[in-house]
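J.: Quick one: structure below, then a few questions.
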Amino acid sequence: MNKNSNSRRSARPSKPASTARAAAAEVPEGAVSRVLFIQATQALGAVLAFDYPADAVLSRHFRDNRELGHRDRGFIAEAVYGVLRRLRWLRRLAGAEATPRMLLLAWFARGEGWPMRNFEGLVSATERDWVASVKAAEAGEMSLAERVDLPDWLADRLLAQMDEGELVALAHGLNRPAPLDLRVNLMKSDRDALLVRLQADGIAATAGRLSPQAIRLAGKPALQKHPLFLDGSFEVQDEGSQLLGLLVQPRRGELVVDFCAGAGGKTLQLGAMMRSTGRLYAFDVSDKRLAKLKPRMARAGLSNVHPVLIAHESDAKVKRLAGKADRVLVDAPCTGLGTLRRNPDLKWRQSPAAVDEMVAKQGAILAAAARLVRPGGRLVYATCSLLAEENDQIVDAFLAAHPEFRPLSAESILAQQHVSLETGERLRLLPHRHDTDGFFAAVMERAAAVQTAAGEAAGE
């Protein structure tokens, strides 16, 4: 079978043409085949074990089932993520002990609003009656956490930071699929030229609302083989994430450190903003993540990036740069709760204990990274978390312990780069307000060398 087939029925085994046409006729328009539904059920069951991230589980499922076409994979992923986003609501409708198959049927019946004819060929007569009952069911009186599809502990913590109306609005934003954003590579193109090229190729695209480097696509086309991606003209990067690079605001010829580089999305942005001059160190504790950065560097046309594997935040390789860096970005490891549009399984996989573990790491990492900043240099602390424990509380504790650092206004720094955003001293991006992932960032500056008491007395 052609594994690139775009038919939702491509999961069927190969058949003679006449048999395939007859089988296709059995599936109502807008519905899916029994085989594809079984595939979706199997994938959902594996994801709901919550042993591994949902995207990793789905990737494995697709590798093991290579006969699935692009559209089939999209159907399965959308169904799985739909259930994950609305899991508490679906369990109220389908029952607390509902199986993956039942949850999937409930999602299609209520979340997708399938008519009963779409279930023909997928369910037995008994199941058909059950589906009909789910379509008519009322969820009944639900707690706030159930209404916003969050675990109780997470709803309680967010409610301590905002009122109920804001929490409901935030949850609705988090339960919507994220759009696909691109970042133009300033080394290879500019936004206007890239928009013209994409639109000429039939890709619906518009300029981003916040970042001057952002392009938002109307759909989610496959881009991995697009010539503009292969030549490094753009990278996929959430528009909110792009603002973190603008807060760092690196200049040509500087020494810049991306302290928690990961696979290097922000590293590439910083390198392009530096026009591949100076030195840009990409630190990370994962060799696999840094390995993914190297081909991306080559595609982006960057020669100033130096990936460095470190064992921990106090590695000797880190200490060698003490007091030398002009800019340091700490995109700290976090619970990732600001990315629930893309990773809805995180709200079910994270826990209060995980938050406590992250908070301890974040404080240690920020303190270690701060030692690299030269007098007069800039330090940016960022997360993709929504929780004050990982955001304001980390920064407040750091500033209390390090009086040599003073806060800078994120709003003013963005305004210097023609980004008009009322954010105040610290950047806070939320999906229901800004249509980005949830991001937090604080910008700090290290004081210039302190004058000696004798010098001050002499009026120097």
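J.: From the set of residues in the stretch 412-443 that are among the small types (G, A, S) and assigned to a strand (DSSP E or B), which is nearest to the chain's Cα centre (by Cα)?
T.: Going through the qualifying residues, I end up with A441.
J.: Turning to a different aspect of this structure: Under 9 Å between Cβ atoms, which residue pairs at least 6 apart in sequence (or on different chains) link something in the stretch 214-230 that is exposed (fewer than 11 other Cβ atoms within 10 Å of the Cβ) with a partner that is assigned to a strand (DSSP E or B)?
T.: G219/L180
J.: I would also like to ask the following. In the stretch 239-344, which strands (runs of 3 or more DSSP E) lie fully inside it and hold 3 or more residues that are not aliphatic (A, V, I, L, M)?
T.: Strands (runs of 3 or more DSSP E) meeting the threshold: 279-284, 325-331.
J.: Kindly indicate whether any position in the stretch 256-277 is open to solvent by 40 Å² or more (accessible area, probe 1.4 Å), at pLDDT 95 or above and among the aromatic types (F, W, Y).
T.: Looking through the stretch 256-277, none of the residues is open to solvent by 40 Å² or more (accessible area, probe 1.4 Å), at pLDDT 95 or above and among the aromatic types (F, W, Y).
J.: Within the stretch 203-213, how many residues are in contact with a Leu (Cβ under 7 Å, 6 or more places away or on another chain), open to solvent by 20 Å² or more (accessible area, probe 1.4 Å) and within 23 Å of M273 (Cα to Cα)?
T.: 1
J.: Which residue is nearest to V148 (Cα to Cα), if the candidates are limited to the stretch 345-382 and must be of a type outside the set (K, R) and in a loop (DSSP other than H, G, I, E, B)?
T.: Looking at residues that are of a type outside the set (K, R) and in a loop (DSSP other than H, G, I, E, B), I get D345.
One line per residue, one yes/no per condition, for (1) in contact with a Phe, Trp or Tyr (Cβ under 7 Å, 6 or more places away or on another chain); (2) open to solvent by less than 10 Å² (accessible area, probe 1.4 Å):
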{"site": "D315", "(1), (2)": "no, no"}
{"site": "A322", "(1), (2)": "no, no"}
{"site": "R327", "(1), (2)": "no, no"}
{"site": "G336", "(1), (2)": "no, yes"}
{"site": "R378", "(1), (2)": "no, no"}
{"site": "C384", "(1), (2)": "yes, no"}
{"site": "D392", "(1), (2)": "no, no"}
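J.: Going residue by residue through the stretch 85-94, is there one that turns out to be touching a Phe, Trp or Tyr at 6+ places or on another chain (Cβ under 6 Å) and either open to solvent by 20 Å² or more (accessible area, probe 1.4 Å) or free of Cβ contacts under 8 Å to residues at least 12 places away in the same chain (or both)?
T.: Within the stretch 85-94 (the criterion being touching a Phe, Trp or Tyr at 6+ places or on another chain (Cβ under 6 Å) and either open to solvent by 20 Å² or more (accessible area, probe 1.4 Å) or free of Cβ contacts under 8 Å to residues at least 12 places away in the same chain (or both)), the answer is no, since none of the residues qualifies.
J.: Now a separate question. List the helices (runs of 4 or more DSSP H) inside the stretch 60-135, counting only whole elements, that have at least 3 residues being charged (D, E, K, R).
T.: Because the criterion is at least 3 residues that are charged (D, E, K, R), the helices (runs of 4 or more DSSP H) in the stretch 60-135 that meet it are 70-85, 87-94.
The values are calculated or read from the model by the stated rules, or taken from the named source; none is laboratory data. Here the structure is a predicted model, which is why all the values come from computation and not from measurement. We place every Cβ from the backbone using ideal geometry, glycine too, and count neighbours over all the protein chains shown. These area figures cover heavy atoms from the full protein model, side chains too; ligands, DNA and RNA do not enter into them. Shrake-Rupley method; radii C 1.70, N 1.55, O 1.52, S 1.80 Å.
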